[in-house]
1. Considering every residue within segment 33-45, establish whether at least one is closer than 30 Å to SER174 by Cβ and surrounded by 13 or more Cβ atoms within 10 Å (Cβ to Cβ).
2. Going through segment 164-203 one residue at a time, which ones are open to solvent by 10 Å² or more (accessible area, probe 1.4 Å) and not in a helix (DSSP H, G or I)?
3. Looking at segment 333-367 only, could you name the residues that are of a type outside the set (Ser, Thr, Tyr) and under 18 Å from ALA166 (Cα atoms)?
4. I'd like to check something: does segment 271-282 contain any residue that is under 30 Å from ILE214 (Cβ atoms) and at pLDDT below 90?
5. Please list, ordered by first then second residue, the pairs with beta carbon atoms under 9 Å, 6 or more apart or interchain, first in segment 92-113 and closer than 11 Å to THR70 by Cα, second part of a strand (DSSP E or B) and not acidic (Asp, Glu).
6. Looking at segment 342-352, which of its residues are over 25 Å from MET73 (Cα atoms) and open to solvent by 10 Å² or more (accessible area, probe 1.4 Å)?
7. Among the residues of segment 133-164, write down those that are among the small types (Gly, Ala, Ser), touching a residue at least 60 places away in the same chain (Cβ under 8 Å) and in contact with a Ser or Thr (Cβ under 9 Å, 6 or more places away or on another chain).
8. Within the group SER326, SER330, which residue is under 30 Å from SER180 (Cβ atoms) and surrounded by fewer than 22 Cβ atoms within 10 Å (Cβ to Cβ)?
Amino acid sequence: EGVSQFVELQYCLNDRTMFKGIKKLLPGHYLEYDYYTKSLKCEKYWDIAVDADTEYNEEKYIEEISFLLTDAMQMQLRSDYPVGFHLSGGLDSSTICYLASRLKSTPIKTFTGGFKVDNYDESHHAKTMADSIGALNFTTFPSSEDLRESFKKIIYMLDEPVAGAAIFPQYFLSKLISESGVRVALGGQGGDELFCGYARYLIAVLEDSLGSKIYSSSGGESRSGMLIDDVLSNLCQLQGYEPLMQKYFSDNIFGDFPERYYHLMIRTSGLDEIISPDVYRCNGMVKSVFVEEFNRCQSDNIIDQMCIFDMRNHLQSLLHLEDRASMAWSVESRVPLLDHRIVETVMRIPAEERLRGGNLKHIFKRVVHNYLPSSILNRTDKKGFPVPIVEWFGGDLRDWVRDILLSQKARERGIFDASALESRLDNHYAFDRTIWGLLSMEFWFQNYFDG
């Protein structure tokens, strides 16, 4: 079941892992073992509450969030060791760096990862931000050869091959941080889930608002609290996501929303033709677990539902990745945006206000609009931490990928249909996150099961 979830999502839901008999400690839980009674107790001490403020005042919340951001930074800057900062040039990391530059008496050290491949390098945005606050900026450009040499070690370090290709640049960024003498690094993880920063949120709201418009005469209601006219002016933020929208809107449009969101979150394609049915026992199993977890949210608003699902599940895989990548180089990673007071405050803001007008990170932009250069604040091209795996797997690393996945040992595992996989590898377009997932799983088997 864990492997099937990884194949679909590139992480496991709830407390599931890919190891039989091993579970994850769920978010907001603690585990207590009583030595004398030999008993184990798992208790929940905190959860994300949804309690929208019926007397919502945006200016009041902007002031409160601004105060909490500064206060959280002051606490998390405490360290007996040198402190540095992740800086991608996006809103979240740029805000962390801005606040740190105001709280520290000396220039801060910022660290950026990039790729010397067209359309994959955002380091110039990071340099713009670093220059604006007088920070020292250090940059690393890992190569395809670095990926070849480190892939197996990275999967071993992760314990499970979760969260996709972003682990690769994170690993080398942590290496750069460690080699500079910094032992504590603050970053902007969590901002997209908390402040509605993912394009998929806007895609889902677009579908919802279209559906409520079409079916308004028969009682159709907006499940996001937003109408199509509300979001039109911000649909430009979806530029570059046309393939995702084409795939999403081509099947079961206006269907059951939890299943629709599952469709948005699937990270691989065409695996049913490659993976052995003995391993990939999907048959709706992963979807049913996903839907059950999605419906745990205590809100009827789909914006709340998406954000809370992501914080409880998707974000955990990203934090897993960040923790392993940093600790591999003896660096402690800290995430100030996930201070529980900030989360509690933001989640009191009505969902439709957090995504007002379809403007991704509307509230966060209001909070930080005086902090950042306009070229950073108004960016519409931020893509997370994209890795040129299509170019590398179809180019410099093509033979290496084939040698790993089509080796005799890999074939004998019975994980996939070798002829179907070989046929796919013969096509350049096929070198996507699906192949990343298969490589990750093969190295996972090599590390943990080959002895």
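The values are calculated or read from the model by the stated rules, or taken from the named source; none is laboratory data. This is a predicted model, so every value here is computed, not measured. Because the Cβ atoms are built from the backbone with ideal geometry, glycine has one as well, and the counts that use them run over all protein chains shown. Heads up: the accessible areas ignore ligands, DNA and RNA and are worked out on the full protein's heavy atoms, side chains in. Shrake-Rupley method; radii C 1.70, N 1.55, O 1.52, S 1.80 Å.
1. no
2. Of everything in segment 164-203, those that are open to solvent by 10 Å² or more (accessible area, probe 1.4 Å) and not in a helix (DSSP H, G or I) turn out to be SER180, GLY181, ARG183, GLY188, GLN189, GLY197, TYR198.
3. ARG334, VAL335
4. no
5. ILE96/PHE85; ILE96/HIS86; ILE96/LEU186; ALA100/VAL83; ALA100/PHE85; ALA100/THR110; ALA100/LEU186
6. Within segment 342-352, PRO350, GLU352 qualify.
7. Hits for segment 133-164 are ALA163, GLY164.
8. SER330
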